[in-house]
Amino acid sequence: SEYLYEFYELDKNFACSAILECTDLYAHAEKEKMRALIESVIETKTERSAEFMIVMPDGRIKWHDTTLHPVLGPDGVTIGLYGIVQNITAKKEQTREQRLYQRIFDQLPAGLFVMDPKGTCVYVNQAGRTLKKHTITVPAG
């Protein structure tokens, strides 16, 4: 589909079925993980999903979530696969950034409390957690 060509940044004449074997986008471990996913769907005849990382020729990293559905013949044998690929690169980058900020905040020597607009505490750093014996009040407003 158009989406696959855009995601992989490939020429539309490239056979999408050959991406795994005919490109260097997937590291060896990712190729093995994809092969294992394919094999599992064929053998179990059930839908399966997994996340994969690819490295573009210019070094950019992209992530996708792939869900494979088996296509069964009249005799119940898997005769093909139907796949859905979703670009999750932005989500992965956001998660990585959140972990980085959390590590930084946890190293601060002062207690840090993050509140949502309703006044609910959504994050407390390590120093803040040591203050658990103290009552903390948040001014209204």
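The values are calculated or read from the model by the stated rules, or taken from the named source; none is laboratory data. Note that the structure is predicted; figures quoted are calculated from it, not measured. Note: ideal-geometry Cβ built from the backbone for every residue, glycine included; neighbour counts use all protein chains shown. Heads up: the accessible areas ignore ligands, DNA and RNA and are worked out on the full protein's heavy atoms, side chains in. Shrake-Rupley method; radii C 1.70, N 1.55, O 1.52, S 1.80 Å.
A few comments on the model shown:
- All positions within segment 17-33 that are assigned to a helix (DSSP H, G or I) and either open to solvent by less than 100 Å² (accessible area, probe 1.4 Å) or of a type in the set (Asp, Glu) (or both): ALA18, ILE19, LEU20, GLU21, CYS22, ALA29, GLU30, LYS31, GLU32, LYS33
- Verdict on PHE14 being surrounded by 14 or more Cβ atoms within 10 Å (Cβ to Cβ), aromatic (Phe, Trp, Tyr) and not in a loop (DSSP other than H, G, I, E, B): no
- Residues considered: THR46, THR95, THR66. Of these, the only one that is closer than 30 Å to TYR5 by Cβ, of a type in the set (Ser, Thr, Tyr) and assigned to a strand (DSSP E or B) is THR66.
- Hits in segment 59-93 (condition: under 15 Å from LEU37 (Cβ atoms) and either polar (S, T, N, Q) or in contact with a Cys (Cβ under 8 Å, 6 or more places away or on another chain) (or both)): THR66, THR67, THR78, GLN86
- Of the residues making up segment 83-115, those that are among the small types (Gly, Ala, Ser) and at pLDDT 90 or above are GLY83, ALA90.
- Put simply, of ALA50, ALA36, ALA90 the only residue that is of a type in the set (Gly, Ala, Ser) and either surrounded by 14 or more Cβ atoms within 10 Å (Cβ to Cβ) or in contact with a helix residue (DSSP H, G or I) (Cβ under 6 Å, 6 or more places away or on another chain) (or both) is ALA50.
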